[in-house]
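Taking it in order: structure first as C-alpha cells, then the write-up.
The values are calculated or read from the model by the stated rules, or taken from the named source; none is laboratory data. As the structure is a prediction and not an experimental result, all values here were calculated from the model. Every residue, glycine as well, gets a Cβ built from its backbone with ideal geometry; the counts of neighbours run over all protein chains shown.
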Amino acid sequence: MNINLQLAQEFNLKQNYADNIVSLIEEGNTIPFIARYRKEMHGGCDDALLRDFNDRLTYLKNLEKRKEEVQSAIEGQGKWTDELAAALDKAATLTEVEDVYRPYKQKKKTRASVAIEKGLQPLSDIIMQQQDQRPIEEIAAQFIDAEKGVESASDAIAGAQDIVAETMSDDAELRKALREMLFEEGEVTSCYNPKQENSEKLGVYEMYKQFTEKIKTLPSHRILALNRGEKEDCLKVELHCDREKAVEKIKAKYIHGENFADILAAAADDSYDRLIFPSIEREVRSDLTEKADEQAIKMFEVNLKPLLMQPPLKGKTIMGLDPAYRTGCKIAVIDSSGNVLDHTVIYPTPPQNKKEEAKKTLTDLILKYNVDVISIGNGTASKESEIFVADLIKTCPRKLTYAVVNEAGASVYSASKLGTEEFPQFDVTVRSAVSIARRLLDPLAELIKIDVKSIGVGQYQHDMPQKRLTEVLEGVVEDCVNSVGVDLNTASYSLLSYVAGLNTAIAKNIVEYRKTKKFTLRSQLLEVSKLGPKAYEQCAGFLRILDGGEALDNTGVHPESYDAAKKLLEKYGYTEQDVVKGNLGELKNKVLRDGTEAVAKELGVGEMTLTDMVDEIMRPGRDIREELAPPVLRADLMDINDLKVGMEMTGVVRNVIDFGAFIDIGVHHDGLCHISEISDRYIKHPSEALTVGQTVKVKVIGVDPVKNRINLSIKQASGYISQQPAGADKSARQQKKPGAAKGAKKPDRQNNLDAMLKALQNKFNRK
C-alpha cells in the first residue's frame with residue numbers, strides 16, 4: 001500500500017502536499033507549527049484537517065504493520081499463498097485483516113478443533129468438495145475410531161460437520177458480506193430488563209422500553225444511550241437480521257449440487273447461528289459504538305473551541321461567586337490582572353437566608369474595590385444566587401452587571417496540585433471562587449488549568465474512550481492557545497505547557513528562568529534548561545514579548561522570517577518603531593499594488609507566509625478573541641414562571657448536541673432549541689448553524705414550569721434571516737477541500753461541521 005498516495009486521495013490533496021505533511025510529521029514537527037509556519041508545503045491546510053490527516057496516517061501505519069505480522073505468522077505455518085497475499089493487500093481495515101488471518105489464528109479449543117484432533121479433517125474436505133458419489137455413511141465408516149472417541153459413522157459425520165461450520169465461519173469474504181448485510185438491513189431492538197422492573201433508573205430509558213430502529217439510521221446519541229442503559233442493567237439490547245436470507249448466502253456459496261447438500265445445509269445453519277451471527281453482531285455493535293464515540297468526541301471538540309475562545313473581559317474588576325446552600329456562597333474579588341484582592345463567605349441561600357447581611361457585605365466589597373462585574377457559577381444554588389445578585393444590583397450605588405459562567409471543573413482545579421501551588425494560602429472554596437471570577441477575565445487561561453474532560457461541553461463523556469477523548473480535547477486546547485499566542489513573561493506554566501514544542505517540565509523551567517531574568521528577546525529561550533533548537537523552532541512564533549528589544553517578538557512572525565520582515569519594512573520605508581506604534585496602515589495596500597507573488601519572490605518567502613507576515617506586523621500584540629462577540633452581561637433576571645409562549649429574547653448558546661442546542665435566556669434553566677427550529681433550511685447537524693458562546697435571538701414556543709422545560713425557536717424569531725453555516729459564506733462552501741488548489745480558501749471547519757461529518761462517515765464506510 002502506498003500510504004501517501006492513499007492519504008492524498010482521501011483528503012483531496014496534491015500528492016506533493018501529502019508527501020510533505022507526512023515528512024513534517026515524521027520529523028517531529030507539531031501540528032500548530034505545521035499549520036502556521038509551513039503553509040506553502042501543504043497548501044494552507046488548517047490544524048483540524050492536519051490532525052485528521054495525522055490520525056489517518058497513524059491508522060494506516062498500524063494497518064500495514066498488522067499486515068506484516070499476519071503475513072509472517074501465516075508464512076511461519078508454511079501456508080502462505082498468492083491468494084492470501086492478494087486478499088491481505090486488498091484488506092482496507094484492521095477488521096478485514098483479521099478476517100484473512102482468522103482461519104490461521106491459534107484458537108482456543110472448539111468443536112471443530114476437537115474433530116480435527118479425531119482425524120476428521122479429510123471427511124470434512126470430502127463433504128465440502130461434493131465430488132464423492134458414495135453414500136456419506138459408507139465414507140464416514142472409514143473414520144470410526146473408538147480410541148479417538150469416534151464410535152460410529154454418525155459421530156464422524158457430526159464432527160466433520162463441525163469442521164465445515166467453522167470453515168464457513170472463517171470465510172473472510174462471506175463474513176464481510178454478512179456484516180454489511182446486518183448493518184444495511186438489520187434492526188436494533190431494546191426493552192426493559194425484567195430483572196429491573198421496579199428500579200427507579202428505568203424512567204431515564206422510557207423511550208427505549210419498546211424500541212426498534214434500523215441500524216444504519218441509528219444516530220450516535222441513541223447508540224450511546226442504549227449502551228449506557230445496557231451497562232446499567234436497565235435495558236436488553238439486540239441486533240436482528242433476516243436469518244433466512246443470511247443463511248441462503250452461505251448455502252449459495254458452499255452448496256453446488258445435491259451431493260451432501262443436507263449436511264452442508266445443516267452446517268450452514270449451525271455456522272450462522274452459533275458462530276457467524278454472534279461474532280458479527282459483536283463486531284457491528286463495536287463499530288457502532290466506535291462511530292458514536294467519535295461523533296460524541298467531535299461534538300466535545302466543536303463545543304470546546306468556542307468556549308475556550310470566548311473574548312476576555314479586559315480592564316474589569318470582577319467578583320467571583322461560588323454558589324452553595326449550607327456552607328454559604330464563597331466570594332473572591334480579583335483585579336484586571338487576576339490578582340486576588342479580597343475574599344469572604346456570605347449566606348443568602350437556605351437554610352441561613354441571611355440576605356440583608358450578605359447584601360451589605362457584597363456592597364461594601366463592590367464599593368471598596370470598584371467591582372464592575374459579578375461572575376456566578378452555574379452549580380448548586382445558582383438560581384437562588386442569581387436572584388440574590390439581580391436584586392442586589394437594583395439597590396447598589398455602583399453600576400453593576402453579572403454573568404453566569406460554566407463552573408464545570410472549578411472544584412477539580414481548587415483541589416488540584418496546580419491550585420495549591422497557585423494559592424497555597426487559600427482553602428479549596430476560595431480557589432473555586434477565584435477560578436469562577438477568572439473565567440470571565442480570561443476564559444482560555446483559566447480553563448486550561450482544568451482537566452479538559454471536566455469542562456462539560458458534550459454528552460456521555462464518562463462513557464468515551466478516555467485516552468482518545470483526552471487526546472482530541474488536548475489537541476483543541478493546543479490549537480486555541482497557539483492561535484491566540486502567549487505572553488512569555490506572565491503566562492502560567494500550565495498555559496505555557498500547551499505551546500507547540502513545550503511540555504510541563506520545560507514550561508516550569510521557563511517560569512524559573514524569568515524569576516531572575518525577564519525575557520526581552522525570544523532568542524533568550526535557548527538559555528532555558530532543556531529547551532533545545534527544535535523546541536525553539538516549534539514554540540518561538542507562538543510566544544509574545546511586550547515592550548522587548550525586538551518589535552517582531554510581539555507578533556506572530558516566526559524568528560526564521562525576521563530578515564524577510566525587516567526587508568519588507570525597509571522596502572516600503574517603515575521602521576520597527578512604526579510596528580510598535582501601529583503606523584503601518586498602508587502596508588497591505590502597497591504589497592497588493594506591487595503584487596503579492598512578486599514581493600514574496602523578492603523577499604524569498606512564500607505568498608502565504610508573506611500574507612500572514614503583513615497581517616501580524618500591522619497588528620502587534622493582537623488577540624484574535626477580541627474580534628468575537630463579547631460575553632453577555634445581565635443586570636436583571638426572569639423566572640421561568642414569567643415566560644409566555646410567543647415572547648422573544650436574546651440568549652447565549654451553552655451547549656450544542658446532536659439533536660439541538662441548549663440556550664441560556666436568563667431564567668436559570670436553559671431552553672432547548674430543537675434542530676428543526678434552528679434554521680429554515682435543511683441542516684444535518686446543529687453545529688452547522690450554531691457554536692457555543694454565540695448570541696442568538698429566540699422565540700419561546702413552549703414552557704413547562706413543573707418539569708423546568710423551555711422550548712425555543714430561532715427560525716421563528718422576528719428578524720430571522722435565512723441562515724448559512726456559521727462563519728461560512730457561499731463562496732467558501734463552493735471551494736474544494738484545503739490543499740486541492742494552490743491558495744484555495746478554506747471553509748471555517750470549526751463553525752461548519754460538514755467536512756468533519758463527511759470525514760467521519762468515510763472513515764466508517766471503510767470498515
Do any residues in segment 133-146 that are farther than 15 Å from residue 121 by Cα have Cβ atoms under 8 Å from those of residues that are among the polar types (S, T, N, Q), where the two are at least six apart or on different chains, and which pairs are they? 133/259
Mind listing just one residue for me: the one in segment 634-660 that is among the small types (Gly, Ala, Ser) and surrounded by 14 or more Cβ atoms within 10 Å (Cβ to Cβ) and, of those, modelled with the highest pLDDT? 660
Checking residue 131 against (1) of a type in the set (S, T, N, Q); (2) part of a loop (DSSP other than H, G, I, E, B); (3) crowded, with 17+ Cβ neighbours inside 10 Å, the condition it does not meet: (3)
Quick check: anything in segment 233-245 touching a residue at least 12 places away in the same chain (Cβ under 8 Å), surrounded by fewer than 20 Cβ atoms within 10 Å (Cβ to Cβ) and under 30 Å from residue 379 (Cα atoms)? yes
Any residue at all in segment 521-536 that's in contact (Cβ under 8 Å) with a residue 24 or more places away in the chain and aromatic (Phe, Trp, Tyr)? yes
Selection count where residues are under 24 Å from the mean Cα position of the chain (by Cα) and either within 25 Å of residue 294 (Cα to Cα) or not assigned by TED's automatic domain parsing to the domain that holds residue 13 (or both), scope segment 34-68: 21
Can you pull out every residue in segment 585-629 that is under 24 Å from residue 315 (Cα atoms) and either of a type in the set (Val, Ile, Thr) or loosely packed, with under 13 Cβ neighbours inside 10 Å (or both)? 624, 626, 627, 629
Expected single match for small (Gly, Ala, Ser), touching a strand residue (DSSP E or B) at 6+ places or on another chain (Cβ under 8 Å) and over 16 Å from residue 263 (Cα atoms) among 119, 149 is 119
Residue 663 is checked against (1) surrounded by fewer than 20 Cβ atoms within 10 Å (Cβ to Cβ); (2) in a strand (DSSP E or B) and fails just one. What number does that condition carry? (1)
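Of all residues in segment 457-487, how many are assigned to a loop (DSSP other than H, G, I, E, B) and buried (at least 17 other Cβ atoms within 10 Å of the Cβ)? Quick ask: steps written out before the conclusion?
As a first pass, look at segment 457-487 and keep what is assigned to a loop (DSSP other than H, G, I, E, B): 457-460, 464-465, 485.
Within this subset, residues satisfying the condition of being buried (at least 17 other Cβ atoms within 10 Å of the Cβ) are 457-460, 464, 485.
Qualifying residue count for the region: 6.
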Every pair of residues 6+ apart whose Cβ atoms lie under 8 Å, when the first sits in segment 331-352 and is more than 12 Å from residue 438 (Cα to Cα) while the second is part of a strand (DSSP E or B) and polar (S, T, N, Q): 331/344
Among the residues of segment 433-455 satisfying the criterion of being at pLDDT 90 or above and β-branched (Val, Ile, Thr), which is surrounded by the fewest Cβ atoms within 10 Å (Cβ to Cβ)? 434
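For segment 430-450, give me each residue that is touching a helix residue (DSSP H, G or I) at 6+ places or on another chain (Cβ under 7 Å) and either farther than 28 Å from residue 633 by Cβ or assigned to a helix (DSSP H, G or I) (or both).
Keep residues of segment 430-450 that are touching a helix residue (DSSP H, G or I) at 6+ places or on another chain (Cβ under 7 Å), which gives 431-432, 435-436, 438-439, 443-450.
The answer is 431, 432, 435, 436, 438, 439, 443, 444, 445, 446, 447.
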Restricting attention to segment 285-313, report how many residues are over 15 Å from residue 403 (Cα atoms) and out of contact with any strand residue (DSSP E or B) (no Cβ under 9 Å at 6 or more places or on another chain). 18
State whether one or more residues within segment 488-500 are assigned to a helix (DSSP H, G or I), touching a residue at least 12 places away in the same chain (Cβ under 8 Å) and β-branched (Val, Ile, Thr). no
Which pairs have Cβ atoms under 6 Å, sit 6 or more apart or on different chains, and link a residue in segment 70-98 that is outside the structural domain of residue 171 (by TED's automatic domain parsing) and surrounded by fewer than 16 Cβ atoms within 10 Å (Cβ to Cβ) to one that is charged (D, E, K, R) and modelled with pLDDT under 95? 92/766
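Does residue 220 count as in the same structural domain as residue 130 (by TED's automatic domain parsing), buried (at least 16 other Cβ atoms within 10 Å of the Cβ) and among the hydroxyl-bearing types (Ser, Thr, Tyr)? Spell out the reasoning first.
On the way: in the same structural domain as residue 130 (by TED's automatic domain parsing): no; buried (at least 16 other Cβ atoms within 10 Å of the Cβ): yes; among the hydroxyl-bearing types (Ser, Thr, Tyr): yes.
No, not satisfied.
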Scanning segment 411-429 residue by residue, those in a loop (DSSP other than H, G, I, E, B) and out of contact with any helix residue (DSSP H, G or I) (no Cβ under 7 Å at 6 or more places or on another chain) turn out to be 416, 424, 425, 426, 427
